[in-house]
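These notes are about the structure you will find just below.
Rule-based calculations on the coordinates, nothing more; no lab input. Here the structure is a predicted model, which is why all the values come from computation and not from measurement. Cβ atoms come from the backbone with ideal geometry, glycine included; neighbour counts cover every protein chain shown.
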Amino acid sequence: MSTISQIRDQFEPLSASGHYVLKNVLLETGFNKEGDTLESTRTALYNVEIEAGHIKRVWQGNVNAADVIDGKNYLMLPAFKDMHVHIDKTLYGLPWQAASARRRTIYDMIAYEQQIIPELLKTSAKRAEALMGLMQGYGTSFARTHFNVEPTSGMQSLENLQLALENQRDCFDAELVAFPQHGIYYTDSADLMKEAAKIKAVDFIGGVDPYGVDKTIEKVLDFTVDLALENNKGIDIHLHDMGKEGLDTVYYLIKKVGENPQLKGRTYISHCYVLGRLDTKILTDVAEKLTEAKIGIVSSIPFAGLVMPVPTLIRHGVEVMVGNDNIQDHWSTFGSGNMLQKAQLMAELYGWTSEYDLSRALRFATGGILPLTDAGALSWPAAGKKADYLLVNASCSAEAVSRVPKVMALAHKGNLRWL
Amino acid sequence: MIKNNNNQSDRPQGLSRKTFLKNTAWTLIGSVMTPTLLKAEKGRAMPADNRSGMEKEIGSANRTLLKNVRLETGFEYDQLEVVSTKTALFCIALEGGKIVAVLPNNPGADAIDAQGLLMLPSFKDMHIHLDKTFYGDKWQAIRRGPGGIKGMIALEQKILPDMLKNSTYKAEKLIELLQSKGSGYARSHVNIEPTSQLNSLKHLQIALENKKSTFGAELVAFPQHGVYYTASAPYMREAAQSGIDYIGGVDPFSIDGAIEKTMDFTIGLALEFNKGIDIHLHESSQSGLKTVEYLINKVHENQVLKGRTFLSHCFCLGRLDSERQAEMAAKLSDAGIGIVSTIPFGGLVMPIPTLLKHNVKVMTGNDSIVDHWNTFGSGSVLQKAHLAAQLYGRKTEFDLSRMLALATAGIMPLDDKGRQVWPVPGDAADFVLIDASCSAEAVARISTVKSLYHNGNPVF
């Protein structure tokens, strides 16, 4: 019942930008403890001055400024970041279509993509914008998005995505991962990947199941790592492979990053389901090595059958980031687009039910930023930080994570819109 | 620089950005339905605040007509696979709380305009505690103390007197939340124990009375603190005679220390007062399974309980191997005992597909929305159906469409063969209008409920 023509530019005008003061915003200021028990989160109303995309001043008391926005006592939180999503390739904005049971293997899916992508590309720029709109409605203004690079799309999926991002530049930013969805060698994608790697806007060299798709772990990872090194990019590889091949892939990437320390802190494995099936001893070894190599894990937080050992990874110091992945496409139709919902899912899945644990879970929605330190000191917002924030109808972070309340306003680089 | 006032009422009329963002492609631009729009339309819609005279007023002369109502009419097949769901627009006539006619669409009719939204049976939350919630009150995270279930009972003894002070108000707020998510009906457990005595029930009954034209409920007398661990038996007897529908229970072994004595009391009370049974069973060990088997035997001995007996949670089924799960499912089916599950995930997963395969009645509910047990409840059973679809890998058009039964406590527009079975004249006029093209989409996307009708009354 929907067509692309029904998607319009429906973004509200900016409520504020440039230099302004936000008054009556609720900030978290500490934890209330009773003995050893953390009872609640302390909050107070503040004023926040924004200038040139940054937070200039945070204070309580009188406001003497011409341009004042009333924050209406809403809680101010860092804007959300979706760290794994495919904005370029979605069915969002097209008539409803469920996944098919006929396409069972990755090769079935590649064949299907080869068939549908030419059609999807015709409207992908507009629908990418619509998807960003959905995400913004839930408070997300930044994404790490993968974009397809394979012989069917060529550079077109990237180009359409860039067009959409350009249109959304006041309210949304992204980092881009060149994603050889159809394999480097299974389809002839190596040269296309080399071309994509040279593009300045591309931040990461992607990959997918070196064994599962190309049937060769080392050759594919060597190619990926070399491309990242040559072009000074990061790495973010989709790894769904389980068992020995999955684990071999993780260890080989750890080895390569060890040999090329410039990749440390810039290398990620998305999904990495194999970690969900390891016994404690091997998992501990892998987690320690991932930490040492500064390789992060990006997860969409699966819960059907396989559960990722996120608490163990965190305990060992592995960087864990979260994203929606598929929102509505031919892979999955279940994504909400809501990062707060992901944080809630994690809290429920991993039993983070206390005020403290819930408050810490917020970082999975914000890409790591938390208003309060673990000790309960105010660390955000503070002068000099980016003015990427949102206002939410909640009394504290813990409530926001647990209840997934409505996001009332979102600001990107200081550009504020009421939602 | 401030470019415009952020006062929302100053914003231009029309499709708000929020609506656009949430519904993007399924909402026809410029045709967003609002409750006021609905009520302002011609037809027999009543103002929401004038419901008291409604039941009398809707008589044979008072027919409500809706037009441009989207109904599912069948499945589209490609060979054997259902590839999409066929829909068409209809007029629907309501009268006396019933759907009285399903007519060909007439866009020019003097009728309430459903604007192409999909009509589905309204949702039912079949396990919730409306009487005992923090909802509508100040946020507080749970503070799980020591002592397991008995620690929780001690906590309740401490906090319930305070919670009861405004429990009618909070129950009404919670009902409004459920309604906003498309539920017009709930099976609510009600604490019956020496601390609350019958007050939790009485307070909830006031709330339900206040909401009666827009919300229905059946009540379970729930001895949260054990029948014998605290002296609740006399209160349970009194409750059984005070407008409740089911005799409840909770973990007979771990709370009361004996399966048979508590179960015999529960079953005896149900039989004596002609009530159903709905027992919370969290025990996942041997005692849980023994309780299930004891109940199955008792229901066979007392056939009147068949189809009226339910086990809520019943986690012990999730701990069995698949062969034993199938065996238990067959036994439950045979005894007509239903399972009510919140669809747990992560640590324990319920064998819901196996239960359904054996025709066990499976229903779902939110249980806690926000209280001292759990703070994660959304209030949406459509979200529960979505969760089940994801958890059990039900992602195709057909499989997604079947999951709707969890949200509606069994009713689906199309049967498994794709024949239209709802709505038909005589069905209760309990339905939602939802921003989706079909059931499968509604389940996968947790589509927005735009309107709810209960007993023929527009709720919003």
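Tabulated data
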| quantity | calculated |
| --- | --- |
| Estimated dipole of the stretch B:123-379 in Debye, rounded to 20 [Cβ of Lys and Arg +1, of Asp and Glu -1, Cα centre] | 440 |
| Positive-end residue, the stretch B:123-379 charge dipole about Cα centroid, Cβ charges, pick of B:Gly365, B:Leu311, B:Ala240 | B:Gly365 |
| Value at 222 nm in deg cm²/dmol, rounded to 500, when DSSP H runs of n ≥ 4 in chain B each add -39,500 (n - 2.57) | -9500 deg cm²/dmol |
| Rounded to the nearest 20 debye, dipole of the stretch A:81-337 from Cβ charges on Lys, Arg, Asp, Glu | 380 |
| Within the stretch A:372-391: backbone nitrogen closer than 15 Å to the A:Asp173 label point (7 Å, Cα to C-beta) | A:384-390 |
| Extension gain from A:Arg103 to A:Asn32, taking 0.36 nm per residue of separation minus the Cα-Cα distance | 20.2 nm |
| Centroid-to-centroid separation of the stretch B:102-138 and the stretch A:140-163 [C-alpha atoms, Å] | 39 |
| Residues whose placed amide H lies under 5 Å from that of A:Leu22, excluding near-sequence neighbours | A:Val48, A:Glu49, A:Ile50, A:Ile69 |
| Packing-based ranking, highest mean first, of A:298-309, B:212-223 given that Cβ atoms within 10 Å are counted | B:212-223, A:298-309 |
| Computed over chain A: relative contact order in percent, which uses C-alpha pairs under 8 Å that are six or more apart | 22 |
| Pairwise label distance in nanometres, B:Gln286 with B:Asn210, each label 7 Å out on the Cα-Cβ vector | 5.0 |
| Shielding of A:126-132 by partner chains, average beta-carbon count, 10 Å | 1 |
| Three-way shape label, the protein assembly as shown, alpha-carbon gyration tensor, a/c 1.5 | rounded |
| Ellipticity estimate at 222 nm from DSSP helix runs (n ≥ 4, -39,500 (n - 2.57)) divided over chain A, nearest 500 | -10000 deg cm²/dmol |
| Whether chain B is rounded, prolate or oblate, judged on the alpha carbon gyration tensor where a/c under 1.5 counts as rounded | prolate |
| Dipole moment magnitude, nearest 20 debye, chain B about Cα centre, only Lys, Arg, Asp, Glu C-beta charged | 1020 |
| Cα gyration tensor category, rounded, prolate or oblate, for the stretch A:81-337 with a/c compared to 1.5 | rounded |
| Karplus-derived HN-Hα couplings along the stretch A:177-188 (A = 6.51, B = -1.76, C = 1.60, θ = phi - 60°), whole Hz, x at Gly and Pro | 10, 6, 10, x, 4, 9, x, 6, 10, 4, 10, 7 |
| Extension gain (nm, one decimal) between A:Lys264 and A:Leu45, 0.36 nm per residue minus Cα-Cα | 74.8 nm |
| Charge dipole (the protein assembly as shown, unit charges on Cβ, about Cα centre) - positive-most of A:Pro78, A:Gly335, B:Phe460 | B:Phe460 |
| Exercise: per-residue mean of other protein chain Cβ atoms within 10 Å, B:140-147 | 5 |
| Förster-model FRET efficiency, 30 Å R0, B:Glu327 and B:Leu80, C-beta, rounded to 0.05 | 0.50 |
| Virtual spin-label span in nm between A:Glu218 and B:Gln303, 7 Å along Cα→Cβ | 7.4 |
| Selection of trypsin sites (Lys or Arg not before Pro), the stretch A:279-357, meeting DSSP coil and at most 11 other Cβ within 10 Å | none |
